[in-house]
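The numbers here are math on the coordinates, done by the rules we state, and not lab data. This one's a predicted model, so the numbers in the text were calculated from it and none came from an experiment. For neighbour counting, all protein chains shown are included, and Cβ atoms are generated from backbone atoms with ideal geometry for every residue, glycine included.
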Amino acid sequence: MNGAPCEELWEEQRGFDLRGTVYDVPRGTSMRAVTARRVDFCAAHEDDRRLDG
């Protein structure tokens with residue numbers, strides 16, 4: 001694949017705020033910080049149990 005389609009796609013997506021939309025963190029937040037926050041969130045639910053019914 002040559003770079004042209006990727007460059008065109010990037011031009012469209014450059015302004016998207018994926019981290020803000022998906023992870024609710026400010027633009028520029030490192031993925032290390034995003035991952036650490038996600039780990040903390042999941043760990044907080046470690047003892048959750050499914051309620052049937």
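Tabulated data
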quantity	calculated
Options (1) 53; (2) 42; (3) 60 - which one matches percent of Cα pairs over 17 Å apart as calculated here	(3)
Size of electric dipole in the chain: Cβ of Lys, Arg +1 and of Asp, Glu -1, about Cα centre, debye, nearest 20	220
Built amide H within the under 5 Å cut-off of V25, gap 5+	G20
Förster radius 35 Å - calculated FRET efficiency between R50 and E12, Cβ distance, rounded to 0.05	0.30
Estimated vicinal HN-Hα couplings, Hz - region 22-37 in sequence order (Karplus 6.51, -1.76, 1.60; Gly, Pro = x)	7, 10, 6, 10, x, 3, x, 5, 5, 5, 4, 5, 4, 5, 4, 5
Cβ-based net charge around P26, under 11 Å, with every Lys or Arg adding one and every Asp or Glu removing one	0
Radius 13 Å from Cβ of R14, net charge of other residues (Lys, Arg +1; Asp, Glu -1)	-4
Residue-averaged [θ]222 nm for the chain, counting only DSSP H segments that reach four residues, each worth -39500 (n - 2.57)	-16500 deg cm²/dmol
